[in-house]
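Single-structure report; data block below.
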Amino acid sequence: MMTSPGTGGLGKRILVIGDVNTGKTTLCKRWLSELCQQGLGTRIALIDMAPTISRELALKRGIVGAGGELRAPEGSGVLDLRAHLEPPRLSSSSESEALEKAERNAQLIDALLRRLEPRRDILFINDVTLFLQARSAASLIETAGFDTRTTLVINGYRGERLGGGALTRHETAEMSELEKVFAERGEVVRLTHRYDLASGSV
């Protein structure tokens, strides 16, 4: 049975990884809603790092449904941190342009991380790979204060549908480092099946 922070109690450290459209964000949204239903919203911080992908761009690249945003139930008291981020690989005409966009995204996320509150001991991060395209897993662990959080639920891209290049190599290496941390201190959930948008199942 798959671990859930909502049904399995607090103190879980879960990294959810998978390719495009495997239901990573949908699964985390369900867990976030469960915790909010328990009245824990004022203890939760949510950092949404998902890029803004227009439907036109998604259709052009054949990845409709990618880059889903994560939001808490209205009025739940969750600290919601997000910024307008670009999809570097999908929106760039060259690798250098993609790397520049990745750095700009990382700077915006750096600012979000500085707004985290110590009293928010439950942390959700949606699409952590946007940060790891230009930063390191170690810097995320330190800046986000992983050791001070009782519960961590993070998801990120781990697949092949978005192509390669220097940006992808850096991202993949840092995701591997993050996986090692969660394998040692928590749990890694790998989603391998394409998410069915119509039925809501994986």
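Below is a table of values for the structure above.
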item: Some residue of region 94-104 being hydrophobic (A, V, I, L, M, F, W, C) and closer than 29 Å to Ser33 by Cβ; result: no
item: Residue check, Leu152 assigned to a helix (DSSP H, G or I), buried (at least 20 other Cβ atoms within 10 Å of the Cβ) and in contact (Cβ under 8 Å) with a residue 24 or more places away in the chain; result: no
item: Candidate set from region 1-44 (those that are among the basic types (Lys, Arg) and part of a helix (DSSP H, G or I)); member that is modelled with the highest pLDDT; result: Arg43
item: Selection within region 182-200 - over 18 Å from Asn126 (Cβ atoms) and either at pLDDT 95 or above or within 17 Å of the chain's Cα centre (by Cα) (or both); result: Ala183, Glu184, Thr192
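The values are calculated or read from the model by the stated rules, or taken from the named source; none is laboratory data. Treat the numbers as computed from the prediction; the structure is a model and nothing was measured. Glycine gets a Cβ as well: all are built from the backbone with ideal geometry, and neighbour counts include every protein chain shown.
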